[in-house]
1. Rounded to the nearest 5, what % of DSSP beta bridges with both residues in the chain are antiparallel?
2. Sum -39500 (n - 2.57) across every DSSP H segment of at least 4 residues in the chain, then divide by the residue count to get the 222 nm mean residue ellipticity, nearest 500.
3. Roughly how big is the range 138-305's charge dipole about its Cα centre, with Cβ charges of +1 (Lys, Arg) and -1 (Asp, Glu), in debye to the nearest 20?
4. What's the local net charge at PRO32, with K and R +1, D and E -1, over the other residues with C-beta under 12 Å away?
5. Please give the helix 142-152 orientation as an angle from the longest Cα principal axis of the chain, in degrees from 0 to 90, rounded to the nearest 10.
6. So what is the relative contact order for the chain, in percent, with contacts set as C-alpha pairs under 8 Å and at least six apart?
7. Show which lysines lie in cross-link reach of LYS290 when reach means a straight Cα distance below 30 angstrom and same-chain residues fewer than eight apart are skipped.
8. If you stretched the chain out fully between LYS348 and GLU69, how much longer would it get, using 0.36 nm times the residue separation minus the C-alpha to C-alpha distance?
Amino acid sequence: MNLDYDPPMPRLRNARIGEIGSGFIVSDCHLPAYVKAGFNPVAIASRTRVRAAEAAQRHGIATVHKDVESLLDDASIEVLDVAVPPAAQADIIMAACARKTVRGILAQKPLGVDYAEAVRLVDACEDAGIVLAVNQNMRFDPSVFAATRLLRECQLGEPVVASIDMRGVPHWMPWQKELGWVTLRIMSIHHMDTLRCWFGDPERIYCSVRTDPRTSFPHTDGICAYILEYASGLRAVVLDDTWTGPAKEGCPSDMRIQWRIEGMDGLAMGDIGWCKDPHTTPSTMKWARKGDTGFHEPRWSASWFPDAFAGTMGDLLVALENGTPPTLNGRDNLKTMALVEAAYLSAKTHRAVTLDEIINPQPAAVIGIG
């Protein structure tokens with residue numbers, strides 16, 4: 001079976017993309033991936049025009065708008081790529097919906113500061129006739145994407161147990177201090193979304209958290225351990241360890257993100273290259289079925305950062321080209337947002353929480369989440 005990494009791409013790549021934001025995630029991930037894929041980012045705006053101009057010069061973008069409002073008023077833009085802090089994202093999306101000029105929006109995760117805001121944004125885009133996709137880019141990491149193909153083609157048989165083990169120190173952003181978030185809405189959301197992609201929606205989640213000793217601002221969700229329980233009996237277990245020992249304080253480090261899927265007929269394992277040095281280290285995987293004499297070990301040159309970002313934008317462009325929902329459509333992403341909210345509620349109440357408690361809450365059920 002050929003597992004070469006081959007994300008969906010549009011036949012035509014000339015859709016006019018407007019970038020909103022000019023930080024690391026845009027300058028070092030989005031735009032390098034788009035240029036490599038042959039996409040067409042034509043305009044950019046940011047909170048400061050100087051930063052936007054720097055990104056434009058670096059990546060060959062023709063138009064630098066004086067501010068975000070000016071870019072939103074540019075009726076020639078077909079697709080918005082919104083890459084701003086979560087608290088600023090909703091107003092931009094709502095402003096785009098009010099104008100109804102763009103065909104599609106690629107939003108950052110988390111889609112909203114909470115599940116309720118995410119629902120509001122999804123509804124607004126649908127009412128405006130705008131196709132909304134969410135940048136859950138881990139789905140397009142090469143090893144994750146290949147594992148998705150294995151599962152879709154039933155190469156491993158019925159899944160029995162799965163795990164994701166993260167031992168890495170993410171690059172925390174200043175805005176996280178303002179929101180009091182550390183891991184669940186920033187890193188764990190990738191893992192929960194990947195597990196949903198692989199196995200569908202779980203019945204419930206049990207989450208336990210503790211603070212991260214390295215993070216000085218008040219927070220609860222530093223180091224997170226959680227179990228997703230499925231009706232089939234499948235159990236998916238995740239540890240998101242942002243401490244990894246005193247890796248930043250002089251101790252030799254052992255950083256990695258590894259995943260494992262055990263099925264009735266086979267086994268697959270992967271190592272994501274994101275927290276390696278350099279960050280562009282390709283991810284790897286190996287897999288085997290009953291009767292194989294050894295592991296299959298496909299290799300590729302692509303990595304999670306930045307190559308997966310071409311996958312998320314490509315997913316949206318394919319949807320616009322074909323008139324079909326993107327894989328990462330906003331309506332589906334509400335289930336990922338609900339799962340994150342359920343993790344917060346589980347950690348707060350020390351019990352397993354179903355998705356339905358978030359999607360169809362009783363009045364007292366969601367008070368004080370995250």
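1. Working: 37 of 62 bridges.
Taking every DSSP beta bridge within the chain, about 60 percent pair in antiparallel fashion.
2. On the way: 11 runs with 118 residues, N = 370.
Taking each H run of at least 4 residues, the total per residue is -9500 deg cm²/dmol.
3. Details: 19 positive and 21 negative charges, 35 e Å.
It comes to approximately 160 debye.
4. Values: positive: LYS36, ARG58; negative: ASP28, ASP307.
Cβ neighbours under 12 Å give a net charge of 0.
5. Helix 142-152 sits at roughly 60 degrees to that axis.
6. Details: 774 pairs, mean separation 72.1, N = 370.
The value is 19 percent.
7. none
8. Values: separation 279, 0.36 × 279 = 100.44 nm, distance 3.93 nm.
My answer for the length gained is 96.5 nm.
No value in this document is a laboratory result; all are computed from the given coordinates. From a predicted model like this one, the values you see are computed outputs, not experimental measurements. In this analysis, Cβ positions are derived from the backbone assuming ideal geometry, glycine residues included, and neighbour counts consider all displayed protein chains.
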